[in-house]
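The values are calculated or read from the model by the stated rules, or taken from the named source; none is laboratory data. The structure presented is a predicted model; accordingly, all values stated were derived computationally and were not measured. Using ideal geometry, Cβ is built from the backbone for each residue, glycine included, and neighbour counts are taken over all protein chains shown. Only protein heavy atoms, including side chains, enter the accessible area calculation; ligands, DNA and RNA are left aside. Shrake-Rupley method; radii C 1.70, N 1.55, O 1.52, S 1.80 Å.
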Amino acid sequence: MGKFTFTQTGIKDLMIIDIEPFGDSRGYFMETYNEKDFHNAGLKMKFVQTNESKSTKGVLRGLHFQKKFPQGKLVRCIEGEVFDVAVDLRAGSETFGKWYGVTLTESNFREFYIPEGFAHGFYVLTDIARFEYQVTNLYHPEDEGALFWNDPKIGIDWPIIDGLKPLLSDKDMKNPLLDDIVF
């Protein structure tokens, strides 16, 4: 029943998924995941947990990853708008250290699949954003890794709102640069 369009990003396995909702005067219905359709597109992940966060304008979360227990993530914005980013941290990858960003909104029905081995983060562009993600591995707090959001070597082009300094957690303000991370 799902109407998915899968688009490669130019970084292996990192994919944008557009969904066509079925709507009428009552609202809409849509599938956000269908194992058969995703498998046919080469995405053979299995999800074990679903998370949701709520943030305000200017919040920047990330860039986070898990070291020994990596998580693939299927993410979407269910309220508001975010700029979502993935950075390839896979050892030996042709695109190691490269990033890709996509705008996810409640009205564009877009999802972003971030495979295991990537750092992930997002920046909130609206007054409120609710963000949902399904993950392929359980969270292990002792296994947490992070990358500095504005590492000049990576050069993420964040769409920072004029005059609004990104609001980061104390922990994210201290994240290491790519060259300082021990994998």
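General observations
- Selection count where residues are of a type outside the set (S, T, N, Q), surrounded by 11 or more Cβ atoms within 10 Å (Cβ to Cβ) and either modelled with pLDDT under 95 or over 30 Å from Lys165 (Cα atoms) (or both), scope region 29-59: 12
- Selection within region 1-23 - under 23 Å from Phe96 (Cα atoms) and surrounded by 11 or more Cβ atoms within 10 Å (Cβ to Cβ): Phe6, Thr7, Gln8, Thr9, Ile11, Lys12, Asp13, Leu14, Met15, Ile16, Ile17
- Conditions (1) in contact with a Gly (Cβ under 8 Å, 6 or more places away or on another chain); (2) open to solvent by 30 Å² or more (accessible area, probe 1.4 Å); (3) over 30 Å from Leu167 (Cα atoms); number of the one not met by Arg26: (1)
- Exactly one residue among Ile16, Ile11 is touching a residue at least 60 places away in the same chain (Cβ under 8 Å) and over 29 Å from Glu142 (Cβ atoms), and that residue is Ile16.
- Evaluation of Phe69 against (1) closer than 24 Å to Pro166 by Cα; (2) touching a helix residue (DSSP H, G or I) at 6+ places or on another chain (Cβ under 7 Å) (one fails), failing number: (1)
- Pairs linking a residue in region 20-38 that is touching a residue at least 24 places away in the same chain (Cβ under 8 Å) and on the phi < 0 side of the Ramachandran plot to a residue that is exposed (fewer than 13 other Cβ atoms within 10 Å of the Cβ) and of a type in the set (Asp, Glu), with Cβ atoms under 8 Å and 6 or more positions apart or on different chains, do not occur.
- Just one of the listed residues (Asp151, Asp172, Asp143) is farther than 12 Å from Gly62 by Cβ and open to solvent by less than 70 Å² (accessible area, probe 1.4 Å), namely Asp143.
- Test: His64 is closer than 28 Å to Glu144 by Cα and either open to solvent by less than 20 Å² (accessible area, probe 1.4 Å) or not polar (S, T, N, Q) (or both): yes
- The criterion of at least 2 residues that are at pLDDT 95 or above and hydroxyl-bearing (Ser, Thr, Tyr) is met, among strands (runs of 3 or more DSSP E) falling completely within region 69-158, by 99-105.
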